[in-house]
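One structure is given here, and the rest of the page talks about it.
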Amino acid sequence: MVMQSMLKKLAKEHGTPLFVVDHKVLRNNVAQFKKYLPRVQPYYAVKANSDPAIVKTLYKAGASFDVASMPEFLIVHENIKNLPEKERQAYIWDKIIYANPIKANETLVELDPYKPLVTYDNYEEIEKIRKYAPHAGLALRLKVPNTGAMVELSSKFGAAPGEAVNLIEAAHKAGLIVEGLSFHVGSQCTNFENYVQALNLAASVFREAKSRGYQLKLLDIGGGFPAPYDDNVEPFKALARKLNAELKRLFPKEIEILAEPGRFMVATSATLIAKVIGKAERDGKQCYYINDGVYHTYSGVIFDHCHYPVKAFKKGPTRICAVFGPTCDALDTIGLSEELPDLERGDLVYSENIGAYSHASSTWFNGFPPAKVLHINQ
Ligand SMILES: *Cc1c(COP(=O)(O)O)cnc(C)c1O
């Protein structure tokens, strides 16, 4: 957590809106993940925040990566491209999984020379991979319950568990090799039972596959690991304890386990500082207008169903206020019940834990540019 006095100083020096990324927090998040889930290699989901400097720090801290597009693949590949050819090939599955079950033909053609590990969940995709990326290794994405997750991720992707082994067989018949299974329990998953159910489903698919002659070697338990946005989120340690016990019970040691944490790695690493650019009283409510909003760093309010409390540096008695972004669209509403002291034009406000699904989906709507990014403790 960056100190308030430090944030104010940085805003003065660099202007606002300012998106401050603390790389010490990034390194610490990788270390925590590895400490509590020693059997699980984290493949950071780049879509949560694709800033190349973040990718680089996580890479150096020992993370691997989940990518879902060619540009994301190349951001990560930048870090391994200088390795000797032979090493790089041996390395690629250890470092990157292409975890978008639907890939355009052109993307497959581009990916094939890297002999990547990719996910799939349907017959059509097997045909595409056979034709355009025959050197890829496969992981089958399973559909699992997403109950109680903040962001639902199972309606768009995932094979029904009953179809799973047929899909594995079909891939093998097409001359491809299925290395294992993947799933996603839903983002900001605070219902830890989702993981338990998903692991049990996956274990039953492992068993059925084996009985039909397919030995799976890898299990990818996806993302969903919740960020500590508030005190209602149970500590990571508690989830890890549950996962470790189930993994030990259901999957023999030789099965390689990976995960795709996105939010968990980056949410707590960033703070946004913005400035009050206008104020008005409307229907008896104090309204503040600040120079960042939902088309920019607060995009998570819309796309991520996430609320970011707006805080002031100024002390004093507070009241319930509305906070809006700078654009002309009424959708550009950051919060309608923010507790703030009386603020003046030019005063600074900030939001913490805003590193995931925020700056990554900033637009230039209405001509307002994305917040400036500042990396500290790099
Ligand atoms: C978005 C996504 C992730 C990351 O999810 P988090 O909830 O941020 O951990 C991981 N894997 C896949 C396939 C995704 O689509």
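The values are calculated or read from the model by the stated rules, or taken from the named source; none is laboratory data. Bear in mind that the values here come from a model prediction, so they are computed numbers and not experimental data. Note: ideal-geometry Cβ built from the backbone for every residue, glycine included; neighbour counts use all protein chains shown. Just so you know, the surface numbers come from the protein's heavy atoms only, side chains and all, with ligands and any DNA or RNA stripped out. Shrake-Rupley method; radii C 1.70, N 1.55, O 1.52, S 1.80 Å.
Brief remarks follow.
- Residue within the stretch 129-138 that is assigned by TED's automatic domain parsing to the domain that holds residue 44, open to solvent by 10 Å² or more (accessible area, probe 1.4 Å), on the phi < 0 side of the Ramachandran plot and within 12 Å of the ligand (Cβ to nearest atom) present: no
- Any hit, the stretch 238-255, residues being open to solvent by 20 Å² or more (accessible area, probe 1.4 Å) and in a strand (DSSP E or B): no
- Residue list for the stretch 1-51, restricted to those being more than 24 Å from residue 92 (Cα to Cα) and without any contact (Cβ under 8 Å) to a residue 40 or more places away in the chain: 3, 5, 6, 9, 12, 13, 28
- Top-ranked residue of the stretch 161-192 - restricted to ones that are at pLDDT below 95 and away from the ligand (no atom under 16 Å from the Cβ), ranked as surrounded by the most Cβ atoms within 10 Å (Cβ to Cβ): 161
- Residue match in the stretch 262-281 (condition: within 13 Å of the ligand (Cβ to nearest atom), assigned to a loop (DSSP other than H, G, I, E, B), open to solvent by less than 50 Å² (accessible area, probe 1.4 Å) and out of contact with any Cys (no Cβ under 6 Å at 6 or more places or on another chain)): yes
- Residue within the stretch 240-259 that is in contact (Cβ under 8 Å) with a residue 60 or more places away in the chain and among the acidic types (Asp, Glu) present: yes
- Residue within the stretch 73-94 that is under 22 Å from residue 214 (Cα atoms), open to solvent by 50 Å² or more (accessible area, probe 1.4 Å) and in a strand (DSSP E or B) present: no
- Within the stretch 1-69, helices (runs of 4 or more DSSP H) holding 3 or more residues that are open to solvent by 30 Å² or more (accessible area, probe 1.4 Å) and within 16 Å of the ligand (Cβ to nearest atom): 23-36
- Verdict on residue 103 being closer than 30 Å to residue 227 by Cβ and surrounded by fewer than 20 Cβ atoms within 10 Å (Cβ to Cβ): no
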